[in-house]
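Read the structure below first, then the notes.
The values are calculated or read from the model by the stated rules, or taken from the named source; none is laboratory data. Keep in mind it's a predicted model, so treat the numbers as computed, not measured. No Cβ is skipped: glycine too gets one built from the backbone with ideal geometry, and neighbour counts run over all protein chains shown.
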């Protein structure tokens, strides 16, 4: 699973091995920041950001703009980066105990001590405060108060998903719902929730993101199947086994392509998108089929290729072609 596991033994001292005898702590502020960005997988922002931008361009059309403007785009990107930094920092902070007992994650900088808990807490507070301030600019500069009203609930939800593996195998769908907030929140930031005609269309986009994320998170969780069972953590692979988990992941991705088809068709009174969009949709179908083919019951060695490369392509290709389709309407 993607960073959703948490320690089950409550707060307390980290295992003695943590931070002991594994290299030297990074020296210099820039080097520490680079290590931290790698720790929170900053490059994985490419997963959700394209969908937030799709919603931004669609929302601009809903309020009569051909182009959302650099101010709106800039604020959406800043809020996305800050929200994801908050969520991933929180996750690494609360997960560092169990990460120390997982061979796959025992060398993370948060476990070795290269990045201290104090540094992560500082980043957590800074990113959370800056996120709230950034959402306030939508009210100050654009007259939309809803982003700042919803800022703290959004932060609370995307932090909460880190705990869900403690008590439910639906944890994969909680992280999917967290990423679903990207397009839905972008829509609300541009169009106040007052029943705009295109509002339901972005819900289909959000469902596509939710089930896409849940599907690849289930695949990723196959790596930690034995650890999750040992630690009595919840995940679909740990509960149902590899074969069943693969079929559930495939079903999730089937729902994804159906939701994105509904999005492109403008079901619910939205904008019908043209040929360029459907080329992007077909690319998503092909990429997800490739992703599923890379992971087999008896061979999960290509999970990282399926997870990072394929899903990165899904986000970029679908995002670019969807925005082009919206601009072409």
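Tabulated values for the structure
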| item | result |
| --- | --- |
| Scope segment 199-240; condition buried (at least 23 other Cβ atoms within 10 Å of the Cβ) and more than 23 Å from residue 284 (Cα to Cα); matching residues | 224, 228, 233, 235, 236, 237, 238 |
| Test: residue 288 is buried (at least 16 other Cβ atoms within 10 Å of the Cβ), part of a helix (DSSP H, G or I) and in contact (Cβ under 8 Å) with a residue 60 or more places away in the chain | yes |
| Index of the failed condition, residue 105 passing every other in (1) modelled with pLDDT under 90; (2) crowded, with 22+ Cβ neighbours inside 10 Å; (3) under 18 Å from residue 233 (Cβ atoms) | (2) |
| Residue 145 vs. criteria within 20 Å of the chain's Cα centre (by Cα) and surrounded by fewer than 17 Cβ atoms within 10 Å (Cβ to Cβ) | no |
| Residue selected from segment 311-329 under the condition surrounded by fewer than 18 Cβ atoms within 10 Å (Cβ to Cβ) and touching a residue at least 60 places away in the same chain (Cβ under 8 Å), by the criterion farthest from the chain's Cα centre (by Cα) | 329 |
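Rundown of residues vs (1) more than 16 Å from the chain's Cα centre (by Cα); (2) in a helix (DSSP H, G or I), yes/no style:
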{"site": "150", "(1), (2)": "yes, yes"}
{"site": "159", "(1), (2)": "no, yes"}
{"site": "164", "(1), (2)": "no, yes"}
{"site": "178", "(1), (2)": "no, yes"}
{"site": "188", "(1), (2)": "yes, yes"}
{"site": "215", "(1), (2)": "no, yes"}
{"site": "234", "(1), (2)": "yes, no"}
